[in-house]
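Structure first, then comments.
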Amino acid sequence: MLYHKIFQIHKMFFSKIKNSLPPGEKGLSLKGFTLIEVLVSTVIFSIIVACVFTVIIIGDRSWHTDLGLLDVHQQARQAMHGMIRELRQKSANSSINISANNSEIQFYITNVTNPVRYYLDNETIMRQHSSQTRALATNVTNLHFCCRSASGATTCDANCTNSTEIVYIEVNASKTSRQRTLNFNLSEQAHFRNE
């Protein structure tokens, strides 16, 4: 009985729609999208979304890479600037002591009684003066010191002579950002003012 009532309501509803159509379209003509149209639209939309996400992923990766490289670059430059500045103030009567593996340097600054020491400790450049030790840069894989005299001869002995006029410093830094290894190499030379 209920089914019969629903069928009558359905028939009455569609007969009203059919009668409301213009005279040339008396057949029930409800327009819609075909399956092909829906599939083509879905494929085009999927391609557009994939392109947008690819651009976002590339931009994000580039942002983090540049940010990591900037951090490594900035720390290495600041450490290098501090070491060069202090090496230029080296006392004229003192020698420069470089470790056997060339990764540590010790020298005296004019009018200061305690030596200044720079060295690499667990990928960190450290500065030690008296009892104070502080970190200058992290993510450093190599710190290398080398002496050169006025004659132009390059030596990397444990002790540089008093005729040393230039100290070369090389810093290699490396950082991993988003599974990419970022490398930065920096080398500078210090000319002594107090010679």
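The values are calculated or read from the model by the stated rules, or taken from the named source; none is laboratory data. These numbers were taken from a predicted model, which means no experiment stands behind them. In this analysis, Cβ positions are derived from the backbone assuming ideal geometry, glycine residues included, and neighbour counts consider all displayed protein chains.
Things to note:
- Restricting the first member to the range 178-195 and to residues that are closer than 15 Å to Gly82 by Cα and surrounded by fewer than 16 Cβ atoms within 10 Å (Cβ to Cβ), and the second to residues that are at pLDDT 80 or above and among the aromatic types (Phe, Trp, Tyr), the beta-carbon pairs closer than 6 Å and six or more apart or on different chains are Gln189/Tyr168.
Here is a yes/no grid of residues against (1) over 28 Å from Thr176 (Cα atoms); (2) surrounded by fewer than 17 Cβ atoms within 10 Å (Cβ to Cβ):
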position: Ser62; (1), (2): no, yes
position: Ala92; (1), (2): yes, yes
position: Asn101; (1), (2): no, yes
position: Asn114; (1), (2): yes, yes
position: Arg117; (1), (2): yes, yes
position: Glu123; (1), (2): no, yes
position: Met126; (1), (2): no, no
position: Ser130; (1), (2): yes, yes
position: Leu136; (1), (2): no, no
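- For the range 50-88, the set of residues classified as among the polar types (S, T, N, Q) and touching a Lys or Arg at 6+ places or on another chain (Cβ under 7 Å) consists of Thr65 only.
- Given (1) of a type in the set (Ser, Thr, Tyr); (2) at pLDDT 75 or above; (3) loosely packed, with under 13 Cβ neighbours inside 10 Å; (4) closer than 20 Å to Asn97 by Cα, index of the condition Tyr168 fails: (3)
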